[in-house]
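Chemist: Pasting a structure below so you can have a look.
Derivation of every value follows stated rules applied to the coordinates shown; laboratory data play no part. What you are looking at is a predicted structure, and each value in this text was computed from that prediction instead of being measured. Positions of Cβ are generated from backbone atoms using ideal geometry, with glycine treated the same way; all protein chains shown enter the neighbour counts.
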Amino acid sequence: MYDRILFFSQKGLFSMRFPILLAAATLPLCAFALKSYPMPNANNDLIGRVQYVHPEQGDHIYQITRRYNVGFYEMIEANPDMNRHSKLSTDETLKIPTQYVLPNVPRKGIVINLPELRLYYFNEAKHVVQTAPIAIGRFNWKTPEMTTRVIRKQKDPVWVVPKSIKEESARKGIHLPDVMPAGPENPLGEYMLRLGNWSYLIHGTNAPNSIGKRASSGCMRMFPESIEALFQAVPIDTQVQIINQPIKVGWENGELYMEAHEPLHEAAMSRHEEYDYAQGVIREMTQDHPMNVNWRKVDDVIEASSGIPTLISQGKASGPTPDLERDSSLLHGEIEYTVPNDYE
């Protein structure tokens, strides 16, 4: 069995064909349930690497998002010309946005960044950062910013249908019961984490194509395999921060990177406001370590809003001390890989 693996160099992309071991080709879906990365030291804020892959025969966007544990809109941001409605060509090259600037909050517990539609879990026991895409509340049922805690964990949850959801569904001709038992029709999926204000949950789903979209009534949905892994990893009383950071800025080996996403619809900004917001974030990150910033590049990153971390510093100034043991080739997209071609 062979598959194409894409590499990135200063001369561009090129591909080679390598044998893929059968054992690797048959990895179960749960093996990629939560992507795990070593916890960066205090002077570094990037994890992961961007991947460049060819779709497999018959792939739609939803096969790609599930295979690589990324969200729908993450893929669209990174690949704005991508066909989102029909089969993908095996000849096209897709950018998989699996490199991240960590949110600018304390690295503790669960952090959910709403514009990114992504959850991070800072697993102190294993000294890793684990991450997965999520779905959040629709515009009229938005997921609020808050700091709270996990107060309850439940396998095979029963759904007590809120009156507001019953009324909305009835207007669409769908009549929901007062209580929906556990099972394949239950929209909470097989695992649930209840948050401290009681009204909001992190849970699975029976609609995996909704992950990476604004699709819920305010709760946060995850792929079934992702919530199962999170459920097993997270203890009761874990802190949960739900934040709104459309622009993230962070250090990597003494250089400054920026990652931009489209702001939430209800918090939309003009281009000038986005630029001012980015300036504020950059000033905060560089106040103790002055750095020459390429402001034209900052504007380009905002314009693209691709969700891909991009170098915005120019030359060396007094950024944080580099971590000389950190392999930057694993962070900056210089070496890429793909998942086995018959992975389902």
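Chemist: So for Lys213, Lys108, fewest C-beta neighbours within 10 Å to most, what's the order?
Modeler: By the 10 Å Cβ count, ascending: Lys108, Lys213.
Chemist: Further question on the same structure: Compute, for the range 109-243, the length of the dipole vector about the Cα centre, with Cβ point charges of +1 (Lys, Arg) and -1 (Asp, Glu) only. Units Debye, rounded to 20.
Modeler: That gives the range 109-243 a dipole magnitude of about 320 debye.
Chemist: Chymotrypsin sites (Phe, Trp or Tyr not before Pro), restricted to the range 180-215: which are DSSP loop and have at most 11 other Cβ atoms within 10 Å?
Modeler: Those satisfying the criteria are Trp198.
Chemist: Another question, if that's okay. What ranking do Met291, Met75, Met39 get, fewest neighbouring Cβ atoms within 10 angstrom at the top?
Modeler: Result, fewest neighbours first: Met39, Met291, Met75.
Chemist: Across the range 247-323, what fraction of all alpha-carbon pairs, as a whole percent, falls in each successive 5 Å bin from zero upward?
Modeler: 3, 17, 29, 24, 15, 8, 3, 1
Chemist: Okay, next question. From the phi angles alone, apply the Karplus equation (6.51, -1.76, 1.60; θ = phi - 60°) to the range 231-242 and give each ³J(HN,Hα) in whole Hz, x where the residue is Gly or Pro.
Modeler: Once rounded to whole Hz, the list reads 4, 6, 8, 9, x, 4, 6, 5, 5, 10, 10, 10.
Chemist: Let a ≥ b ≥ c be the square roots of the eigenvalues of the Cα gyration tensor of the range 82-223; is it rounded (a/c under 1.5), or, if not, prolate (a/b larger than b/c) or oblate?
Modeler: oblate
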